[in-house]
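Take a look at the structure set out below.
The values are calculated or read from the model by the stated rules, or taken from the named source; none is laboratory data. No experiment lies behind these values; they were computed from the predicted model shown. Reconstructed Cβ throughout: ideal geometry from the backbone, glycine too, with neighbour counts over all protein chains shown. Only protein heavy atoms, including side chains, enter the accessible area calculation; ligands, DNA and RNA are left aside. Shrake-Rupley method; radii C 1.70, N 1.55, O 1.52, S 1.80 Å.
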Amino acid sequence: MTVTTFAPETEERFALARQVADAVLFEGYVLYPYRASAAKNRLRWQFGVLVPPGWGAECEEHDFQHTECLMEPKAGATLSVEVRFLHARRRTVQRARPDGGHDTVPELRLDDRVLMPWDEGSEERVEVVAPVDELLGDGVTHPFRRPAREDAEPVLDAAGRTVGRLVRRCEEISGTIRLSARELDGPYRALRLTAVVENTSDWTPRDSRGAGRDAALPHSLVATHLLMALSAGSFLSMTDPPEWAKGAVAACRNLHTWPVLAGEPGRADLVLSSPIILEDHPAIAPESPGALYDATEIDEILALRTAALTDEEKREARGTDERAAAVIELADSMPAEVLERLHGAVRSLREVTGPGPTATDPATADHAVPHPGFPDEHGVPRPDTPWWDPASDAGFDPAQDRVLVDGRPVGKGSRVALRPGLRRTDAQDIFLRGRTATVEAVLHDVDGGVHLAVTVDGDPGADIRREQGRFLYFQPDEVAPLEEDG
């Protein structure tokens, strides 16, 4: 086994995948409104946290990730693995005293920023390169360690005077990467690759009553994920495997992580195993102006709301973290044309509509069908046949239509018992199961589905719902007709 820096060609392949991996690494790192004092930023790091085993036994978080996927390596191939995680770096704020000493304070206010205690994330990488043949049998085990360290950074005011300092401390962490492979039975030579990342830190709470998550984070591997590349050969997709491999893929065990093909579309020699479930060949949207760290929000709304923060809020955000400061700068300096791009994008429209018939097509030449046409204002040809014909609505009447449920016609005015839960798509269904309701309309969608609009009996707001046309909707197999409607 060799532990080394990757070969140039491998490093080039990893560089593209790291764009997506960085989004995984820093997802949720700091959330809008990007201030350390915000409630949203007091519970940090929700994905891929591998806690010390001595503490993990007391909580519901884990001290390992287990990845399994299938690969078809060529003879003499090597496997390159990069484990990436954040090492929490605890920052305290100190104010300078006239005698040269320092006092720890809850905040330090400067003209351009407000500094507060905060946990920064220091990016760490562990690289392992091993011939695939060495992974058979017992496989390869690679332990790693990051020592504790502490440093201090002086804080200067606008006049260049030292007014305090930031003290940063990292705790010692250690871990292990275990790689192994096993040949599969079958007509094709394929291997099941297993990659396990463990936190092996020996930290335990000093207090017999235990310690909270905040105390364990500095000893944890945060946002852990891994990249794996074959020098020759390919991986199989775990979401869309070939027919012969579907059984073997279903037998793979992936715990607290999920592997997908990464890198350029069309290639299969690189895998990203992420604690956030992704599709094959994930990519950053070209419209994205930069990292915003808060994928639970829409970029356009997030950029607008960030730009609208007060000056005082922006001061605190700038002092929270360098990455938070970069988001504030991005929102304040974003050109109008970049913001407009965030409003939305249409992709693969031509593939959805498909090419239409032309005047020279043998099947249509006798009918003199013109080219489907005429492009719209964006230069995209309109399809020859619309996906929905408004005239088809003429045959439906929500107030008069009826649908058979358990052999009985149900329509407007029918009373039914609600029995949702077949699809289990809404937690509110739990509270409605068994209640009675009145059907207000029978609706048909463009795909041929039927939906019943209802108001729940005893709902004090039923009259308002009828007036505003705001109903609850159920499909016919989620209701049962009541006997009085027989």
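Highlighted here are the strands (runs of 3 or more DSSP E) found entirely within the range 83-163 that include at least 3 residues which are closer than 30 Å to residue 229 by Cβ: 118-131, 140-146. Which pairs do you get when a residue that is without any contact (Cβ under 8 Å) to a residue 60 or more places away in the chain, found in the range 399-422, comes within reach of a residue that is open to solvent by 30 Å² or more (accessible area, probe 1.4 Å) and acidic (Asp, Glu), reach meaning Cβ atoms under 9 angstrom, with the pair 6+ apart or on two chains? Sorted first by the residue in the range 399-422, then by its partner, the pairs are 409/485; 411/401; 412/401; 413/485; 420/426; 422/477. Applying a threshold of 8 Å to beta carbon distances and a minimum spacing of six or more residues, or different chains, the list of pairs starting in the range 305-316 at a residue that is over 17 Å from residue 111 (Cβ atoms) and ending at one that is in a helix (DSSP H, G or I) and of a type in the set (Val, Ile, Thr) reads 306/327; 306/328; 309/328. Of the residues 282, 286, which is open to solvent by 40 Å² or more (accessible area, probe 1.4 Å), under 30 Å from residue 268 (Cβ atoms) and not polar (S, T, N, Q)? Result of the check over 282, 286: 286.
Within the group 452, 472, which residue is under 16 Å from residue 420 (Cα atoms), open to solvent by less than 20 Å² (accessible area, probe 1.4 Å) and of a type outside the set (Val, Ile, Thr)?
452
On inspection, residue 237 does not qualify as modelled with pLDDT of 90 or more, more than 25 Å from residue 279 (Cα to Cα) and open to solvent by less than 30 Å² (accessible area, probe 1.4 Å). Search the range 431-449 for residues that are within 17 Å of residue 419 (Cα to Cα) and pair each with any residue that is hydroxyl-bearing (Ser, Thr, Tyr) and not in a strand (DSSP E or B) when their beta-carbon atoms are under 8 Å apart and the residues are at least 6 apart or on different chains. What qualifies is 438/414; 439/414.
Tallying residues that are in a loop (DSSP other than H, G, I, E, B), open to solvent by 10 Å² or more (accessible area, probe 1.4 Å) and among the hydrophobic types (A, V, I, L, M, F, W, C) within the range 240-272 yields 3.
Of everything listed in (1) in contact (Cβ under 8 Å) with a residue 40 or more places away in the chain; (2) in a strand (DSSP E or B), the single unmet condition for residue 176 is (1). Which condition number in (1) open to solvent by 40 Å² or more (accessible area, probe 1.4 Å); (2) on the phi < 0 side of the Ramachandran plot is the one that residue 275 fails? Every condition holds for residue 275 apart from (1).
Among the helices (runs of 4 or more DSSP H) confined to the range 285-384, the ones with at least 1 residues that are at pLDDT below 70 are located at 349-353.
Taken over the range 21-47, residues that are open to solvent by less than 40 Å² (accessible area, probe 1.4 Å) and either without any contact (Cβ under 8 Å) to a residue 12 or more places away in the chain or at positive phi (or both) amount to 4. For the range 225-233, indicate whether the set of residues that are under 25 Å from residue 189 (Cβ atoms), among the hydrophobic types (A, V, I, L, M, F, W, C) and open to solvent by 50 Å² or more (accessible area, probe 1.4 Å) is non-empty. Looking for residues that are under 25 Å from residue 189 (Cβ atoms), among the hydrophobic types (A, V, I, L, M, F, W, C) and open to solvent by 50 Å² or more (accessible area, probe 1.4 Å), one finds none in the range 225-233, hence no. So which residues in the range 161-180 are surrounded by 20 or more Cβ atoms within 10 Å (Cβ to Cβ) and touching a Gly at 6+ places or on another chain (Cβ under 7 Å)? 179 - this is the single residue of the range 161-180 that is surrounded by 20 or more Cβ atoms within 10 Å (Cβ to Cβ) and touching a Gly at 6+ places or on another chain (Cβ under 7 Å). For the range 54-70, filtered to residues that are at pLDDT 75 or above, of a type in the set (A, V, I, L, M, F, W, C) and not in a helix (DSSP H, G or I), the residue that is nearest to residue 175 (Cα to Cα) is 64. Among the candidates 36, 21, the residue that is of a type outside the set (Val, Ile, Thr), modelled with pLDDT of 85 or more, within 30 Å of residue 331 (Cα to Cα) and in a helix (DSSP H, G or I) is uniquely 21. Regarding residue 483, is this residue modelled with pLDDT under 80, surrounded by fewer than 16 Cβ atoms within 10 Å (Cβ to Cβ) and over 34 Å from the mean Cα position of the chain (by Cα)? Criteria met by residue 483.
Report, by residue number, each residue of the range 64-106 that is among the polar types (S, T, N, Q), open to solvent by 20 Å² or more (accessible area, probe 1.4 Å) and either touching a Cys at 6+ places or on another chain (Cβ under 6 Å) or under 26 Å from residue 200 (Cβ atoms) (or both).
78
Listed by first and then second residue, the pairs linking a residue in the range 241-265 that is closer than 28 Å to residue 16 by Cα to a residue that is among the hydrophobic types (A, V, I, L, M, F, W, C) and assigned to a helix (DSSP H, G or I), with Cβ atoms under 6 Å apart and 6 or more places separating them unless they lie on different chains, are 241/249; 262/17; 263/16; 263/17.
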